[in-house]
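This report refers to the structure that appears directly beneath it.
The values are calculated or read from the model by the stated rules, or taken from the named source; none is laboratory data. Source: prediction; values computed, not measured. With ideal geometry, Cβ positions are generated from the backbone for all residues, glycine too; neighbour counts draw on all protein chains shown. We work out accessible area using only protein heavy atoms, side chains counted, and drop any ligands, DNA or RNA first. Shrake-Rupley method; radii C 1.70, N 1.55, O 1.52, S 1.80 Å.
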Amino acid sequence: FVTLHNDRCVELHVACGRYYKLRIPKFGRDMQYNTSTCDLYLVGASSEVYRLNLELGQFLSPLVTEASEVNRCSINPVHQLFVCGTQEGKVEAWDPRTRSRVGTLDCALSITDTQLERFPSVTALEFNGGLTLGVGTATGQVLLYDIRSNKPFYIKDHMYGLPIQDINFHSGQRFVLSMDSSVIKIWEQDTGKLFTSIEGSADFNCLYLVPNTGMIFAANEDTKIQTYYIPSLGPAPRWCSFLDSLTEELEESHLESVYDDYKFVTRQELQELGLDHLLGTNLLRAYMHGFFVDIRLYRKAKSVANPFAFEEYKKKKIREKIEETRGNRVKLQALPKVNKDLALKLINEDLKEKKKKSKVGVSLLKDDRFKAMFDNTDFEVDKNAEEYRLLNPVLSKLDKSRKKELKKQLQFEQVLDDSGEDKSSSDSDSSSDDDREWTKELKQQHRLLRQETRDREEAEEAEEKEVMAQPKFYELKEGEEFKGVHRNVTRKWNKYSLGERVQHEDINSLRFLGTRGNREMTFTVGKVNKLSKFRAEARKHHDERRKLLRSTRSLPLARPKFK
């Protein structure tokens, strides 16, 4: 047997151990053995398909494909047709006798779903008989082809958005076994109806169905290979026939997956699709923070809500491909489309570190983990937010002249290298000035925020006064006699507090009248001057002396004389 390693090594083993070890030019991803010609086909991160003839013990001329990379390959067991799945979402078929390409299937064009997070590259290939071909994509779809047609006769979506790892066919009952990293789905080949699904505790990598049996082996990210036995698919293998007697004693229960062909959407997505009027009907099934909706209804509503989504998706992919081809050209360093000010600050800090010749880590602009922060508009900094204006003045330490210099340096990198030594001293001298400017800017932002808060409160108070100043009309019920305005107004305002009554009186200049006439109370609060304080203290001292005299009269002592 032959093993393909992730260090470009290929090992051939026999009964006594490793027989031979060799290396291939590029990293490999898949391999197939053609029994009729003794050729071992190896594909990987290259456009070439390497052929190693095990009878001659040497490499033959490779097959050159039209793809940039080849992910999977397979050989038909009936007529030995060799097919390979590419990174561009195509399947190329080759005749091993003439070593020529005989056909191409564009699987990416057959997928109509526009809500794809990645490009639908081919990640799985499997033949069933001489005519049926199963293709798995990186976006979670399984396409079944008749090799005589360029269009699939059925498309099955896993609804998880994960790449399809492996595909297998059950020859006895026309079932298809498709696997991604989280679930194994078993469904009918003709109708797509789900038979059952298997979820594992670890991520799945590879699938093997023992022929003419119901036993499944699944390689996963764990120390043990997961083994599953489904009696309804077939009997147990001969070497473990005791499983049949064990399963007869167990009760069988058929559980149908309710949400297999449903799409999960949130309430906000329902409003964007115009399906919020279906709330409370049988077409929506509430689940957690959203709803499950039929995938056919979801696709129709999506096409109606945004009819040009596919055209925009197509243009976006074409633009990405063009930018990838331009990556090999010599280009000047330019600012990103999103968060230009933040990128300018990071570039300035990198230039300072280079001039100081200090070793630092990888810059955020070059780190792939933070790539979306400068490409995706969802991560754009809101400059009008209060937190940003107070805590994150991005370019507070860069004056206007420094900004212009940086932009010129980005456009002309050679000039930057020549003039870097002359400007190092000016940068160190201006550091203290930058700190003062940053402090002034922070204080100014505080003043602006306080002024905006006051303006907002004044506008709200003006709106409230306008609402309360508007006249109100009252309608008398049929058969009710009009007894005057004052009593009705009095009864109405009895429900409100004193402060609300006074506020309303100041606005409308009304007098609240009761059944016994007007009742008003007015008072003024004056300031306490020094003279009034002195009089109060003198009065207090006089009272204390009088109390002392009364207490001393009751004692049999001489009376003190007071002047």
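List pairs: first residue in segment 77-88 and closer than 10 Å to T65 by Cβ, second residue among the hydrophobic types (A, V, I, L, M, F, W, C) and open to solvent by 50 Å² or more (accessible area, probe 1.4 Å) anywhere in the structure, Cβ distance under 6 angstrom, at least six positions apart or on different chains.
none
If a residue counts only when it is at pLDDT 85 or above and exposed (fewer than 11 other Cβ atoms within 10 Å of the Cβ), which strands (runs of 3 or more DSSP E) contained entirely in segment 215-310 have at least 3 such residues?
Correct list: empty, since no element meets the threshold.
Identify all residues within segment 140-149 that are among the hydroxyl-bearing types (S, T, Y) and open to solvent by 10 Å² or more (accessible area, probe 1.4 Å); write none if there are none.
Once the filter is applied, which keeps residues that are among the hydroxyl-bearing types (S, T, Y) and open to solvent by 10 Å² or more (accessible area, probe 1.4 Å), segment 140-149 yields only S149.
For every residue, the table says whether it meets (1) open to solvent by 60 Å² or more (accessible area, probe 1.4 Å); (2) farther than 24 Å from K193 by Cα; (3) among the β-branched types (V, I, T).
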{"position": "N76", "(1), (2), (3)": "no, yes, no"}
{"position": "Q80", "(1), (2), (3)": "no, yes, no"}
{"position": "G85", "(1), (2), (3)": "no, yes, no"}
{"position": "G89", "(1), (2), (3)": "no, yes, no"}
{"position": "R118", "(1), (2), (3)": "yes, yes, no"}
{"position": "S121", "(1), (2), (3)": "no, yes, no"}
{"position": "V135", "(1), (2), (3)": "no, no, yes"}
{"position": "K151", "(1), (2), (3)": "yes, no, no"}
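For residues that are open to solvent by 50 Å² or more (accessible area, probe 1.4 Å) and not aromatic (F, W, Y), scanning just segment 14-24, find the one that is nearest to A45 (Cα to Cα).
R23
Residue by residue through segment 374-389, note down the ones that are part of a helix (DSSP H, G or I) and within 21 Å of E452 (Cα to Cα).
E386, E387, Y388, R389
Residue-by-condition table, conditions (1) touching a Gly at 6+ places or on another chain (Cβ under 8 Å); (2) of a type in the set (A, V, I, L, M, F, W, C); (3) modelled with pLDDT of 65 or more:
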position	(1), (2), (3)
S424	no, no, no
W438	no, yes, yes
Q444	no, no, yes
L448	no, yes, yes
E452	no, no, yes
G479	no, no, yes
R487	no, no, no
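Could you figure out which of (1) loosely packed, with under 14 Cβ neighbours inside 10 Å; (2) within 30 Å of the chain's Cα centre (by Cα); (3) at pLDDT below 65 isn't true of K400?
So K400 meets the others, but not (2).
Among the residues of segment 149-195, count how many are among the small types (G, A, S), over 24 Å from the mean Cα position of the chain (by Cα) and closer than 15 Å to I295 by Cβ.
First pass over segment 149-195, keeping only residues among the small types (G, A, S): 149, 161, 171-172, 178, 181-182, 192.
Pick out the ones that are also over 24 Å from the mean Cα position of the chain (by Cα) and you get 149, 171-172, 178, 192.
From what's left, closer than 15 Å to I295 by Cβ: 192.
So the answer is 1.
So G161 passes all but one of these: (1) open to solvent by less than 60 Å² (accessible area, probe 1.4 Å); (2) at pLDDT 90 or above. Which condition number does it fail?
(2)
Tell me yes or no: at least one residue of segment 318-328 is of a type in the set (V, I, T), over 30 Å from L448 (Cα atoms) and modelled with pLDDT under 75.
Checking segment 318-328: not a single residue is of a type in the set (V, I, T), over 30 Å from L448 (Cα atoms) and modelled with pLDDT under 75.
Listed here are the residues, each with its yes/no results for (1) free of Cβ contacts under 8 Å to residues at least 12 places away in the same chain; (2) open to solvent by less than 80 Å² (accessible area, probe 1.4 Å); (3) in contact with a Phe, Trp or Tyr (Cβ under 6 Å, 6 or more places away or on another chain).
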residue	(1), (2), (3)
F27	no, no, no
Q32	no, yes, yes
T35	yes, no, no
L40	no, yes, yes
G44	no, yes, yes
S47	no, yes, no
F59	yes, no, no
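Residue pairs, Cβ under 7 Å, 6 or more apart or interchain, first in segment 540-553 and modelled with pLDDT under 75, second open to solvent by less than 100 Å² (accessible area, probe 1.4 Å) and not in a helix (DSSP H, G or I). List them.
T552/P560
When you look at D7, is it part of a strand (DSSP E or B), touching a Lys or Arg at 6+ places or on another chain (Cβ under 9 Å), open to solvent by 20 Å² or more (accessible area, probe 1.4 Å) and modelled with pLDDT of 90 or more, yes or no?
It is false that D7 is part of a strand (DSSP E or B), touching a Lys or Arg at 6+ places or on another chain (Cβ under 9 Å), open to solvent by 20 Å² or more (accessible area, probe 1.4 Å) and modelled with pLDDT of 90 or more.
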